[in-house]
Amino acid sequence: MGPGAEFDAIREMLRRWGPRAQGIGDDAALLDVPAGEHLAVSTDSTVEDVHFKRGWLTAHEIAYRATVAALSDLAAMAASPLGLVSALAIPRDWRSQLPEIAEGIGEAAAEFATPIVGGNVTGGALLTITVTVLGSVSRALPRSGVAPDDTLYVTGRLGASGAALAAFEKGERPSPAHRARFARPTPRIREARWLAMHGARAAIDISDGLLAELSHLAAASQVWIALDTASVPLFEGVSIADALRSGEEYELLVAGSGLDVAGFEKELGVPLTAVATARALAPGEQPGVGGTAPAKAPRVAPKSGHDHFSS
């Protein structure tokens, strides 16, 4: 790399990343995919004033969270990470915090065994962190894999991220537990691989809210899903209504028949809770989501979760 502020910034990031960055220096990264496995690729962007506002989180936390958001998409497919690339748009008033941004990306990359294999840095009007993740998978969990009579399960507990966001938007300070879940979510990579090996057929990560993700699975699999709201595992201090719509949770929603809940929890230390069942569509019926008793729980409205183009 030659002289200049941009290349100085890249050199500083590489210095901070150390061995967490691998093979950087050419125009493209070369990765080996294990024999017999598929390449899984996903991209996720975190944009200032869309996904966060300045002052809510530290620069380190923003970058960590952005990296986890992308890795969570690999988890949803039961893929193992092979590497990541980051594209950063850094406004002038954020440049002094570039080292912290680099550290946030680097910490998530190291914690979830994902080498940093490339990226790009440019200026911009708003801080934007785009992370592309690459992984490999032998037994994928597509959204279209839900079968009639499957049970749907969620990992962890829901609602803390939405509760933190609601507090931030009102100018209040979230509880420490809610803020921690918002700032440092966990991509369920190990959990997804275990589930794929033990009978799961479909999955999606909960980034737009449980109701929205159930709707996505129903549409992709052409089934009706009956949700038992009383079974949804709630984070402390969160109502069921808020938990159902809480986005950016990055827990998994998975489908299968008779998954080993006790075995999962014993090996991984994470709750796995049955929350819904799927059934075949009746003639002329459209895919959808409702309650276990239709008279008490009508179809979920389209605006049941986060939609980037809703405002």
Looking at 57, 14, 74, can you tell me which residue is modelled with pLDDT of 95 or more and over 16 Å from the mean Cα position of the chain (by Cα)? 57
How about the range 106-128: which of its residues are in contact (Cβ under 8 Å) with a residue 60 or more places away in the chain, under 15 Å from the mean Cα position of the chain (by Cα) and open to solvent by less than 10 Å² (accessible area, probe 1.4 Å)? 109
Over the range 153-174, the set of residues surrounded by fewer than 17 Cβ atoms within 10 Å (Cβ to Cβ) and under 15 Å from the mean Cα position of the chain (by Cα) is none
Return the only residue of 136, 175 being hydroxyl-bearing (Ser, Thr, Tyr) and within 23 Å of residue 115 (Cβ to Cβ). 136
Can you tell me which residue in the range 245-276 is farthest from residue 229 (Cα to Cα), limited to those that are among the acidic types (Asp, Glu), outside any helix (DSSP H, G or I) and open to solvent by 20 Å² or more (accessible area, probe 1.4 Å)? 260
Kindly indicate which of 242, 208 is open to solvent by less than 40 Å² (accessible area, probe 1.4 Å) and out of contact with any Asp or Glu (no Cβ under 7 Å at 6 or more places or on another chain). 208
If I filter the range 117-125 for residues that are closer than 30 Å to residue 254 by Cβ, at pLDDT 95 or above and out of contact with any Phe, Trp or Tyr (no Cβ under 7 Å at 6 or more places or on another chain), do I get at least one hit? yes
For residue 150, indicate whether it is under 30 Å from residue 281 (Cβ atoms), surrounded by 24 or more Cβ atoms within 10 Å (Cβ to Cβ), of a type in the set (D, E, K, R) and touching a residue at least 24 places away in the same chain (Cβ under 8 Å). yes
Flagged in the range 87-96 as surrounded by 17 or more Cβ atoms within 10 Å (Cβ to Cβ) and of a type outside the set (Phe, Trp, Tyr), in numbering order, are 88, 89, 90
Please count how many residues of the range 124-174 are aliphatic (A, V, I, L, M) and closer than 23 Å to residue 63 by Cα. 14
Contact list, first residue from the range 21-45 and of a type in the set (D, E, K, R), second anywhere and at pLDDT 95 or above and surrounded by fewer than 15 Cβ atoms within 10 Å (Cβ to Cβ), beta-carbon distance below 7 Å, six or more apart or interchain, is none
Going by what's in this entry, would residue 217 be described as modelled with pLDDT of 95 or more, open to solvent by less than 10 Å² (accessible area, probe 1.4 Å), touching a Gly at 6+ places or on another chain (Cβ under 8 Å) and closer than 24 Å to residue 264 by Cα? no
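Conditions (1) modelled with pLDDT of 95 or more; (2) among the acidic types (Asp, Glu), marked per residue:
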| site | (1), (2) |
| --- | --- |
| 227 | yes, no |
| 250 | yes, no |
| 256 | yes, no |
| 261 | yes, no |
| 271 | yes, no |
| 282 | yes, no |
| 285 | yes, yes |
| 297 | no, no |
Scanning the range 175-205 residue by residue, the ones that are in contact with a strand residue (DSSP E or B) (Cβ under 7 Å, 6 or more places away or on another chain), under 17 Å from residue 150 (Cβ atoms) and buried (at least 17 other Cβ atoms within 10 Å of the Cβ) total 7
Residue count for the range 168-208, restricted to those that are without any contact (Cβ under 8 Å) to a residue 24 or more places away in the chain and among the small types (Gly, Ala, Ser): 2
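The values are calculated or read from the model by the stated rules, or taken from the named source; none is laboratory data. Remember, predicted model here, so these are calculated numbers, not experimental data. Heads up, the Cβs are rebuilt from the backbone with ideal geometry, glycines too, and the neighbour counts pull from every protein chain shown. In case anyone asks, the SASA skips ligands and DNA or RNA and just uses the protein heavy atoms, side chains included. Shrake-Rupley method; radii C 1.70, N 1.55, O 1.52, S 1.80 Å.
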